[in-house]
Amino acid sequence: MKQEIEVAGPVEAIKIRPYEHHAQYYETDQMGIIHHSNYVRWMEEARMDMMDQLGLNYRQMEAMEIISPVLAIDVTYHSMVHFDDDIMIQTKITKYNGIRMEIEYVMTDKETGELRTTGRSSHCFLTRSGKPISLKRSYPELDTKFFEMHDE
C-alpha cells in the first residue's frame, strides 16, 4: 500500500533560503584551508535542507520506500574557505523528469559575498530494492512538487 505524503504549500509560497555552514577546524587540511572533500558533504547538507524546506524530506521518502542515490557529482573550486568562515549555499533543481533530477549549488562567503565553490549533483529515484521508479506515475504529489521547483 502506497503511503501518502503531504507536501508544503503552493510553490508561490516556497522560497528556498540558502543553507548556512560554519567552517569547522576539523574540516581544514595541513595548509589551513577547508579540505576539498568537505564541499561534497556540505552539498549533501544543503540538499537535505532544501528537501526539508520543500516539505519532502528524505526520511519521509524513505518511509515510502523511495531512495535517491547520487549518480554524479561535479565541484569547481573558485576561492578558498578557511576555518571559521560562514558559507551560504544556494540550491536549485535545474533538471527534473520524474525519474532523475539535477541540483546546482552555489557557495558564497556570507560576509563578503565572494564566490567560493559551485557544484552539481545528479540523482535518480529508486525503490528500496533498487528498481527505477517514476514519481510521475507512482507518486504524482511528489512529482508535482519537484516539477514546480525545477528551474526551466
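Just so you know, all these numbers are worked out from the coordinates, no wet-lab data involved. For clarity, every value in this text was computed on a predicted model and none was experimentally measured. Counting neighbours? That spans all protein chains shown, and the Cβs are built from the backbone with ideal geometry, glycine included.
Charges at C-beta only: +1 for Lys and Arg, -1 for Asp and Glu. How large is the resulting dipole of the chain about its Cα centre, in Debye rounded to 20? Write out the running numbers ahead of the final one.
Working: 17 positive and 26 negative charges, 159 e Å.
The dipole of the chain has a size of about 760 debye.
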Whichever aspartates and glutamates have a C-alpha closer than 18 Å to that of Lys131, once near sequence neighbours (fewer than 8 apart) are set aside = Glu62, Glu65, Asp143
If you project the alpha carbons of region 111-152 onto their three principal axes, what span does each projection cover, largest first, in Å?
-> 44, 23, 17
Most fluctuating of Gln60, Gln24, Gln90 in the GNM of the chain (C-alpha, under 10 Å) is Gln24
Using only Cα atoms, find the angle between the long axis of helix 37-54 and the longest principal axis of the chain, and express it within 0 to 90 degrees, rounded to the nearest 10.
-> 40 degrees
Mind checking which of Thr28, Thr112, Thr127 has the largest fluctuation in a GNM of the chain, springs on alpha carbons under 10 Å?
-> Thr112
Mind checking which lysines have their Cα closer than 30 Å to the Cα of Lys136? Skip sequence neighbours fewer than 8 apart in that chain.
-> Lys2, Lys15, Lys92, Lys95, Lys145
Of the candidate values [x] 15.4; [y] 17.1; [z] 16.4, the one computed for Kirkwood radius over Cα pairs in Å from this structure is [z]
